[in-house]
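Undergrad: Quick one: structure below, then a few questions.
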Amino acid sequence: MKYILLQLAQTIDATDSNIPTLTSGEVVTNTLNLAYFLAGIIAVIVIIIGGIMYTTSAGNAGSVTKAKNMILFSVIGLVVILSAFALTNFVIGRF
């Protein structure tokens, strides 16, 4: 079995089988873009939850403050995410 696997490993080549290869810069860019995308989704979900909490607070001052803070901090988080996205794509594009 070991011999068969060794022969198979020697005969498979990424260029012959049309498997795309990525450079390290592309891997970093794809990973960062995925992280920014997931962070953006989480921030939007927190904004939605904060909005629901705000509308269902029934005038309770503590709940209103908590909901407003959730919305405010998630919007700040979105701004930070967008800034980081723009900055890293600018830097990666230059080098």
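Derivation of every value follows stated rules applied to the coordinates shown; laboratory data play no part. Source: prediction; values computed, not measured. Positions of Cβ are generated from backbone atoms using ideal geometry, with glycine treated the same way; all protein chains shown enter the neighbour counts.
Undergrad: Which whole number of Å³ per residue matches the convex hull of the alpha-carbon atoms in the range 22-94?
TA: Spread over its residues, the Cα hull of the range 22-94 gives 57 Å³ apiece.
Undergrad: Could I have the simple spin-label model distance between Thr23 and Ala58, label points 7 Å from Cα toward Cβ, reported in nm to one decimal?
TA: The answer from the label model is 6.1 nm.
Undergrad: Between Phe90 and Tyr3, what length in nm is gained on full extension when 0.36 nm per residue of separation is reduced by their alpha carbon distance?
TA: 26.5 nm
Undergrad: When the Karplus curve 6.51 cos²θ - 1.76 cosθ + 1.60 is applied with θ = phi - 60°, which whole-Hz ³J(HN,Hα) does each residue of the range 44-59 get, with x for Gly and Pro?
TA: 5, 5, 5, 5, 5, 5, x, x, 5, 4, 5, 6, 9, 6, 6, x
Undergrad: Got a sec to turn the phi values of the range 62-68 into Karplus ³J(HN,Hα) couplings, 6.51 cos²θ - 1.76 cosθ + 1.60 with θ = phi - 60°, whole Hz, x for Gly and Pro?
TA: So the Karplus estimates, Gly and Pro as x, are x, 5, 5, 4, 4, 5, 5 Hz.
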